[in-house]
Amino acid sequence: MSAIVTRAEASFPLHGESSAQLDATVEQAFAYLDDFKALSAHMEKRSAKMMGSRMSITTDALGGRAVGSTVRMEGRVLGMRLSLEEVVTERLPPSRKAWQTVDARLLVIGNYRLGFEISPRGDSSTVRVVIDYDLPAGWPARWLGRLLGGYYAQWCTQKMAQDAARHFRDLRGA
């Protein structure tokens, strides 16, 4: 597989991605990004993008750090219960990792495949975070997905990439 995900995947026709320069080697970057709690920390914080809500993250005993490992997120947005379960589908340290939903009950996107690639750039690296997704099923979620799904997918990939860049920038500044 030459990339994390491809846009041509019929089951996930929609796409979003973001990149960031990291002040870290690919090994340091992978060690940080391999931790779902660090990578998805933005989901555990209340934010306007989450309409003031947050999700809790739990992992199996493997912590999301092996192919087949599972991660679960649960929360409420506007009084509605949202949840998802993901399974790690690819893990090739220190360059790439991908996972996808096996069960998603979300508001503006449906099932998805998400992952990252890390490329070396001298003493630093570049991370590219990619999501391919489908719209949620049923009305009004599908309508909301058409309206807000792309915006949410972009926010999510940007947060992951920017949070990683900030993490390493803060380490260097300390």
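No lab work stands behind these numbers, since they all come straight from the coordinates. Source: prediction; values computed, not measured.
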Cα-based helix-to-principal-axis angle, 141-173 vs the chain, degrees rounded to 10: 20 degrees
Would you calculate, for the chain, the mean residue ellipticity at 222 nm contributed by helices, counting each DSSP H stretch of 4 or more residues as -39,500 (n - 2.57) and dividing by all residues, to the nearest 500? -8500 deg cm²/dmol
With a cut-off of 8 Å between alpha carbons and a minimum separation of six or more residues, what is the relative contact order of the chain in percent? 29 percent
State the extension gain, in nm to one decimal, for the chain segment bounded by Tyr151 and Leu92, taking 0.36 nm per residue of separation less the distance between their alpha-carbons. 18.4 nm
